[in-house]
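The values are calculated or read from the model by the stated rules, or taken from the named source; none is laboratory data. Because the structure is a prediction, the values reported are computed rather than measured. All Cβ positions, even for glycine, are placed from backbone atoms using ideal geometry, and neighbour counts span all protein chains on display.
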Amino acid sequence: MTGLFISFEGVDGVGKTTQVERLRAYLESCGHTVVTTREPGGTALGRAIRRVLLYGMDAGNGVVDEHDGDAADIAPRAEALLFAADRAQHVAEVIRPALGRGEAVITDRYLDSSLAYQAGGRELTAAEIRELSMWGTGGLLPDRTYLLDMDPALSHARLTHAEDRMESAGNAFQRRTREAFLALAAAEPERFRVIDAAQSIDAVWASIRADIDALLRGDVHGGTRDETRSGESA
Ligand code: TYD
């Protein structure tokens, strides 16, 4: 499988969406066919999972049933499995086919979000979460992951929409999540680039562009896809 697989990570409100869009426009201007996507919710199944995870079991049907659970009732293991299920479908339906056609895929969140949010912040171990996602995706890791890093107290002040369940989980949770992301980046320096997201949009983009140019030229290495697990879809 060829193509280029890029993920963006970070706590809520750091500006991932803006940078995903800049990178898409840039890669297209360089002649690449680009797919931009996100987790959770990159597929129809994923959008159904996303609604449940972020807004609860009665989300989307407009009817609040007293028997319906609140999103807060989702047990940590069930939550981890739902994010992993979203990712498995996303890889099978969107990401692997696009990479197989030689395209560039840019995803707003991927496996590291599960490692940071479900393992870093809640009660499961990183090893368990990683194994779950690696199984679900057939071991597919990005070539490059941009971690947009900033103090969650500042990034949260930027959010313009009503908070979802993760966003309202509290400052301590957000701080742990940020630390978990930084630890992941330190453990895989070839795949990650950590970018100070408190800088201006243009300065953040300049860092990303310099790195992607170097990556495309082959001057720097990216991460290694674990193709040994990719099974029938390799
Ligand atoms: P996101 O789409 O970034 O939120 P928004 O629409 O507000 O920009 O992600 C939704 C939330 O889901 C976010 O708070 C992070 C969380 N999340 C996890 O907890 N685990 C995961 O594996 C993923 C992909 C996201």
Scan region 191-222 residue by residue and report those that are under 19 Å from the mean Cα position of the chain (by Cα) and loosely packed, with under 13 Cβ neighbours inside 10 Å.
-> Asp196
Only one of Thr125, Thr160, Thr137 is farther than 29 Å from Ala198 by Cα, over 18 Å from the mean Cα position of the chain (by Cα) and of a type outside the set (Asp, Glu); which?
-> Thr125
Out of the residues in region 160-186 that are of a type in the set (Asp, Glu) and out of contact with any Leu (no Cβ under 9 Å at 6 or more places or on another chain), state the one that is farthest from the ligand (Cβ to nearest atom).
-> Glu179
Hey, among Leu124, Leu111, Leu147, which residue is at pLDDT 95 or above, closer than 13 Å to Ala180 by Cβ and either out of contact with any Phe, Trp or Tyr (no Cβ under 8 Å at 6 or more places or on another chain) or among the β-branched types (Val, Ile, Thr) (or both)?
-> Leu111
Of the residues in region 25-57, how many are touching a residue at least 60 places away in the same chain (Cβ under 8 Å) and not in a loop (DSSP other than H, G, I, E, B)?
-> 10
Can you find even one residue in region 187-195 that is farther than 22 Å from Thr125 by Cβ, within 16 Å of the ligand (Cβ to nearest atom) and out of contact with any Asp or Glu (no Cβ under 8 Å at 6 or more places or on another chain)?
-> no
Given (1) touching a residue at least 12 places away in the same chain (Cβ under 8 Å); (2) outside any helix (DSSP H, G or I); (3) over 14 Å from the mean Cα position of the chain (by Cα), where does Ser168 come up short, assuming only one miss?
-> (1)
Which of the residues spanning region 139-159 are more than 14 Å from the ligand (Cβ to nearest atom), touching a residue at least 24 places away in the same chain (Cβ under 8 Å) and over 28 Å from Ala98 (Cβ atoms)?
-> Met150, Asp151, Leu154, Ala157
Is it the case that Tyr117 is within 16 Å of the chain's Cα centre (by Cα), crowded, with 24+ Cβ neighbours inside 10 Å and away from the ligand (no atom under 12 Å from the Cβ)?
-> no
Go through region 116-146 residue by residue and tally those that are under 27 Å from Ile208 (Cβ atoms) and among the hydrophobic types (A, V, I, L, M, F, W, C).
-> 7
Scan region 7-24 for residues that are among the hydrophobic types (A, V, I, L, M, F, W, C) and either assigned to a strand (DSSP E or B) or within 13 Å of the ligand (Cβ to nearest atom) (or both) and jot them down.
-> Phe8, Val11, Val14, Val20
Top-ranked residue of region 120-174 - restricted to ones that are of a type in the set (Asp, Glu) and within 18 Å of Val204 (Cβ to Cβ), ranked as surrounded by the most Cβ atoms within 10 Å (Cβ to Cβ) = Asp149
